[in-house]
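Inspection log for the structure reproduced underneath, given as structure tokens.
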Amino acid sequence: MTEMISPDLFASVPDPDGRFGPYGGKFVAETLMSALAELEVVYRGLSCDPDFQKEFDSDLAHYVGRPSPLYEASRMSDAIGGARIFLKREDLNHTGAHKVNNTIGQALLAKHMGKKRIIAETGAGQHGVASATVAARLGLECHVFMGAEDIKRQSLNVYRMKLLGAEVIPVTSGSKTLKDAMNEALRDWVTYVDNTFYIIGTVAGPHPYPMLVRDFQSVIGREARRQSLAMTGKLPDALVACVGGGSNAIGLFHPFLGDEKVAMYGVEAGGHGVETGQHAAPLSAGTPGVLHGNRTYLMQDQNGQIMETHSVSAGLDYPGVGPEHSWLKDIGRVNYVAANDDEALTAFHHWTRTEGIMPALETAHALAYAEKLAADMTPDQHIIVNLSGRGDKDILTVAAIEGIEV
Amino acid sequence: MSRLTPCFETLRDSGRKAVIPYIVAGDPTVASTVPMLHRLVAAGANVLELGVPFSDPMSEGPVIQRGHERALANHVSLTQVLDMVAEFRQGDQVTPIVIMGYANPVERMGYADFAAACAAAGVDGLITVDLPPEEVGPLNVELQKVAIDNIFLISPTTPAQRVGTITANASGFIYYVAVKGVTGAGHLDSSDVGMHLDVIRAETTLPICVGFGIKDAESATAVGAMADGVVVGSALIDTMTVAMESGDSLHDGIEKAVTLLGSIRTGIDNM
């Protein structure tokens, strides 16, 4: 690509219209335009307010448990015999995944805006749980929209949300998964826009969401950068993260984008195989279009209808991706690859047995790719994998696939 | 110039209001759409709004969502919607047709090809729910080349200072969304509508039509007294589908919707 890779370039997005190159923007119904403008003004004000930053940092430290450790997976690294692999342990956060970094931030915004009711969409349920958690803590009413199909495969998280006091609303339209949950959340927001804050769980949606979710999640990469320097004396040679909407990946990647020598790999859900069409890998096999408020790569047919996706992991089962990822793909800064269901399941077992860390099925996609990548590298090099979430929520799914009754 | 401006001028000169039905192209069947459009004109429709089915109709309530789902089950694409318009034009060269949908099918076709195809089919205007003025520039350039009106939504949450930005990009008419919410939802507060229409009229001489929440002759009349036209969508589709679910034939279901539109026409004309 023609653009120079420099720190300035990455600090320049999104532009004032919310664009990352041709991607992003605000493709929403008129009713939401003033709510988005208000959110942007509030966020731009608070993001440079030291008191707000202090409140956010304090919550991350004392409520979430940050910084999360950077852990060297020595046994796995030795077994592979290539690069050293480090895991950024987002699974150790309160609620068990990276999602809470963002919900803490957005809940603080909701509080500052005086909103008493929050809504969220969820796929695997991790973002729903993280939203229900912050709602409980702040005494806010919480409604979580979840595809009826996902409610079946993530029953533990559904119950967790209910225990936390949230109302889980099953979405029965369309493919009954994450994209439909987001449609329904947007419909709710249009209806109750005056008193409701919509906590979007990923770096997608209309501007300013991709920007503010990225900013809240970037704590992952900032910590990893410091930890890498402290533990190895240098920056990592490569970063690996799974990509559904892409919030854990952006969170890890963003503070390193200007470091030319750090290679980056975003791992999409290859489902039954990208070549079969049954997957959730828009960056690997999709085309640009407009969905859920932003222009980005999508899985769509020749008529512009959004296609149904497939992934063993509910959290990656989404036909779009955050607009910044689309831009990073086009300018060649990040390599987007895919791992299939089978590869993720193999990695799930392999890492659980070798390191005693049970990853979420989403995360297992990143680990599957990291194994291959490390094998082609040398022991003087190191990789950081974002261990975005823990796998407890997936135990029943894995058991069902393997025909085991729990 | 499209058929919209002359249509509204004629209505204004005769002191009448526009009655605008909305149906989803290809719902409930592909073959029913064009005959239903002709029947709606016979029952008093002045402008027709034809929904382009989309997999993710984010601003629609359950009634119209189901309409989109039925149309997609019939494999109706944007190209076919335009074919339906062309077919309608063989029997009616006068009634303006506005197509209403979401950005992605248009993006996929490409703006220039889309505008040309609309012009060839006999489309007069376009409403794209998720293309606010901030995002519409490149498409508007193509639409203007072929004199197709781009119709924008203004909602109860649109700040007064933003109304001018919207009307500056608009032609044909302005579509005022009467309730915060999705199509077919909510209760219409006509005094609130009146207040907003005054704000819009201060910025534009374009006709203003009101939709979302108009269910019958009564609600249509309340709004029609203040606006230049009313849009009825969910109520028609609901009438049709409820009739068919309780055993009516396709023909009878459509006729019940047509009868509802006729009663709205009569109500508005006699107010």
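Worth a mention:
- When A:Arg153 is tested against the conditions (1) more than 14 Å from chain B (Cβ to nearest Cβ); (2) of a type outside the set (A, V, I, L, M); (3) over 19 Å from A:His94 (Cβ atoms); (4) without any contact (Cβ under 8 Å) to a residue 24 or more places away in the chain, the lone failure is (4).
- Boolean, B:Leu206 is at pLDDT 95 or above and part of a helix (DSSP H, G or I): no
- Residue in the range B:148-164 that is closer than 24 Å to B:Leu11 by Cβ, part of a helix (DSSP H, G or I) and either of a type in the set (Asp, Glu) or at pLDDT 95 or above (or both) present: yes
- Any chance B:Ala185 is within 16 Å of A:Leu32 (Cβ to Cβ) and assigned to a loop (DSSP other than H, G, I, E, B): yes
- The residue list B:Arg70, B:Arg108 contains one member that is among the basic types (Lys, Arg), in a helix (DSSP H, G or I) and more than 9 Å from every other protein chain (Cβ to nearest Cβ), which is B:Arg70.
- The residue of the range A:57-86 that is surrounded by the most Cβ atoms within 10 Å (Cβ to Cβ), among those that are in contact with a helix residue (DSSP H, G or I) (Cβ under 6 Å, 6 or more places away or on another chain) and not in a loop (DSSP other than H, G, I, E, B), is A:Ile85.
- A:Ile118 meets the conditions (1) outside the structural domain of A:Ala224 (by TED's automatic domain parsing); (2) surrounded by 24 or more Cβ atoms within 10 Å (Cβ to Cβ); (3) out of contact with any helix residue (DSSP H, G or I) (no Cβ under 7 Å at 6 or more places or on another chain) in every case but one. The failed one is (3).
- Flag for B:Ile127 being in contact with a Pro (Cβ under 9 Å, 6 or more places away or on another chain), modelled with pLDDT of 95 or more and within 14 Å of chain A (Cβ to nearest Cβ): no
- Candidate set: the range A:274-306, residues that are assigned to a loop (DSSP other than H, G, I, E, B) and more than 8 Å from chain B (Cβ to nearest Cβ); chosen: the one nearest to A:Cys242 (Cα to Cα): A:Ala281
- From the list A:Glu308, A:Glu362, the one residue that fits, being surrounded by fewer than 24 Cβ atoms within 10 Å (Cβ to Cβ) and among the acidic types (Asp, Glu), is A:Glu308.
- Residue check, A:Thr346 free of Cβ contacts under 8 Å to residues at least 60 places away in the same chain and of a type in the set (Val, Ile, Thr): yes
- Look at (1) in contact with a helix residue (DSSP H, G or I) (Cβ under 8 Å, 6 or more places away or on another chain); (2) at pLDDT 95 or above; (3) away from every other protein chain (no Cβ under 12 Å) and you find that A:Trp327 fails only one, number (1).
- Looking across the range A:16-39, just one residue is more than 12 Å from every other protein chain (Cβ to nearest Cβ) and either of a type in the set (D, E, K, R) or more than 19 Å from A:Ser218 (Cβ to Cβ) (or both), and that is A:Gly21.
- Taking the range B:178-194 as the range and being within 13 Å of chain A (Cβ to nearest Cβ) and either within 13 Å of B:Gly224 (Cα to Cα) or under 11 Å from the mean Cα position of the chain (by Cα) (or both) as the test, only B:Ala178 passes.
- The listed residues are B:Thr79, B:Thr95, B:Thr5, and the only one of them that is under 26 Å from B:Ala116 (Cβ atoms), at pLDDT 95 or above and within 14 Å of another protein chain (Cβ to nearest Cβ) turns out to be B:Thr79.
- Boolean, A:Lys115 is closer than 27 Å to B:Glu60 by Cβ and either among the acidic types (Asp, Glu) or away from every other protein chain (no Cβ under 14 Å) (or both): yes
- Total residues in the range A:314-345, condition in a loop (DSSP other than H, G, I, E, B) and more than 29 Å from A:Val190 (Cα to Cα): 4
- Within the range B:68-88, the set of residues being surrounded by 18 or more Cβ atoms within 10 Å (Cβ to Cβ) and small (Gly, Ala, Ser) comprises B:Ala71, B:Ser77.
- Yes/no for B:Thr167 being surrounded by fewer than 22 Cβ atoms within 10 Å (Cβ to Cβ) and farther than 19 Å from B:Thr128 by Cβ: no
- Considering only residues in the range B:36-67 that are closer than 22 Å to A:Val28 by Cβ and assigned to a helix (DSSP H, G or I), the one that is nearest to the other protein chains (Cβ to nearest Cβ) turns out to be B:Gln65.
- Residue list for the range A:243-278, restricted to those being more than 23 Å from A:Gln126 (Cβ to Cβ) and touching a Lys or Arg at 6+ places or on another chain (Cβ under 8 Å): A:Phe256, A:Leu257
- Of all residues making up the range B:131-147, the number that are outside any helix (DSSP H, G or I) and either out of contact with any Leu (no Cβ under 9 Å at 6 or more places or on another chain) or more than 11 Å from every other protein chain (Cβ to nearest Cβ) (or both): 2
The values are calculated or read from the model by the stated rules, or taken from the named source; none is laboratory data. What you see is a predicted model, and the numbers here were worked out from it, not measured in a lab. Using ideal geometry, Cβ is built from the backbone for each residue, glycine included, and neighbour counts are taken over all protein chains shown.
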